[in-house]
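The values are calculated or read from the model by the stated rules, or taken from the named source; none is laboratory data. What you see is a predicted model, and the numbers here were worked out from it, not measured in a lab. Glycine gets a Cβ as well: all are built from the backbone with ideal geometry, and neighbour counts include every protein chain shown. Ligands, DNA and RNA are stripped out before the accessible areas are found, and what is left, the full protein with its side chains, is counted by its heavy atoms. Shrake-Rupley method; radii C 1.70, N 1.55, O 1.52, S 1.80 Å.
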Amino acid sequence: VEVEIDWNEDFPDHFVAVSPKRNEVPAQVISKVGNKVTLIFSATIASLSYQTYEIKASEKTPVSTLKITESSLENECYIVSLDEKGDITSVYDKILEKELRSSPMRLDFLPQAPKEWPAWTIMYKDVMAEAKGYVEGPPEVRVLEQGPVRVVLEVKRQSFGSLFIQRISLAAGGGGDRLEIDNSIAWKTRECMLKATFPLAASNPKATYDIGWGVIERGNNHERLHEVPGQQWADITDSEEKFGVSILNDCKYGWDKPDDQTL
């Protein structure tokens, strides 16, 4: 939960959020402007319900399970590593004791210059083409947040005339079961499309896509079905069904799957 409060008392060393059952969880300060303080904390809320939390000052130093450097993040579930180009080269699942990707996750520049309807037409030959290049920097990297609730690494890069800012974050506790990547892009690149490419360790000739009112399985790209619609997520579960990876999404709805291991 992210919340802004008015704090008119002396500013404390730490904050906590107190549940109706008087359980305390750490509340991490994200920003402070005058008496306006923005905090985040992990709330436990049952489905179709609500909880009221109270923000209080605390003298206790919170215990954190989170770790961060300029090239790595770690919580109870994952160890995430970045290379010198700013790309995510490893997502290690500590619970499964398994690497989840097969090569770096990258932002690919792919050709996009169809003969007709360039505002929306995406050609099979373009999504299957070798990338014209990648977002690779050199990167400006800084630790943006470091606390008991969340750690955030900011990676700023310029490529092909466009500016890319990625905020890569891991949370503690129940909110830490996913790696979050927020992209802010100032797009000025012509005759290109940008694809976020996820090469996974899981392998399956089919992927599952959320389509709003249900799910659908689709195969790898072919000439009559390449870029496909998907709403909030797509998933590749390994053909042996021992593990899988889901990519969650809140804003872009065109997917493609060039091979058994890549979304």
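I'd like the full set of residues that are surrounded by 14 or more Cβ atoms within 10 Å (Cβ to Cβ) and under 24 Å from Glu2 (Cα atoms), limited to region 157-177.
If the condition is that a residue be surrounded by 14 or more Cβ atoms within 10 Å (Cβ to Cβ) and under 24 Å from Glu2 (Cα atoms), then Ile165, Gln166, Arg167, Ile168, Ser169, Leu170, Ala171, Ala172, Gly173, Gly175, Gly176 are the ones that fit.
For the structure I just gave you, tell me whether Thr61 is surrounded by fewer than 16 Cβ atoms within 10 Å (Cβ to Cβ), in contact with a His (Cβ under 8 Å, 6 or more places away or on another chain), among the β-branched types (Val, Ile, Thr) and closer than 30 Å to Phe11 by Cβ.
Here the answer is yes, as Thr61 does meet what is asked.
Modelled with pLDDT of 95 or more, open to solvent by less than 70 Å² (accessible area, probe 1.4 Å) and in a loop (DSSP other than H, G, I, E, B): which single residue out of Ala207, Ala202 fits that description?
After ruling out the rest, the residue left standing is Ala202.
In contact with a His (Cβ under 7 Å, 6 or more places away or on another chain) and either modelled with pLDDT under 95 or not β-branched (Val, Ile, Thr) (or both): is that true of Asp238 in this structure?
no
Checking Glu140 against (1) charged (D, E, K, R); (2) within 22 Å of Trp255 (Cα to Cα); (3) open to solvent by 70 Å² or more (accessible area, probe 1.4 Å), which test does it fail?
(2)
Sort through Ser246, Ser239 and tell me the only one that's open to solvent by 30 Å² or more (accessible area, probe 1.4 Å), touching a residue at least 12 places away in the same chain (Cβ under 8 Å), among the small types (Gly, Ala, Ser) and in a strand (DSSP E or B).
Just a single option satisfies the conditions, and that option is Ser246.
Only one residue in Glu130, Glu116, Glu136, Glu154 is within 18 Å of Glu84 (Cα to Cα), among the acidic types (Asp, Glu) and not in a strand (DSSP E or B), so which one is that?
Checking each option against the conditions leaves just Glu136.
Quick check on Tyr92: is it open to solvent by 30 Å² or more (accessible area, probe 1.4 Å), in contact with a helix residue (DSSP H, G or I) (Cβ under 9 Å, 6 or more places away or on another chain) and within 24 Å of Asn183 (Cα to Cα)?
No, not satisfied.
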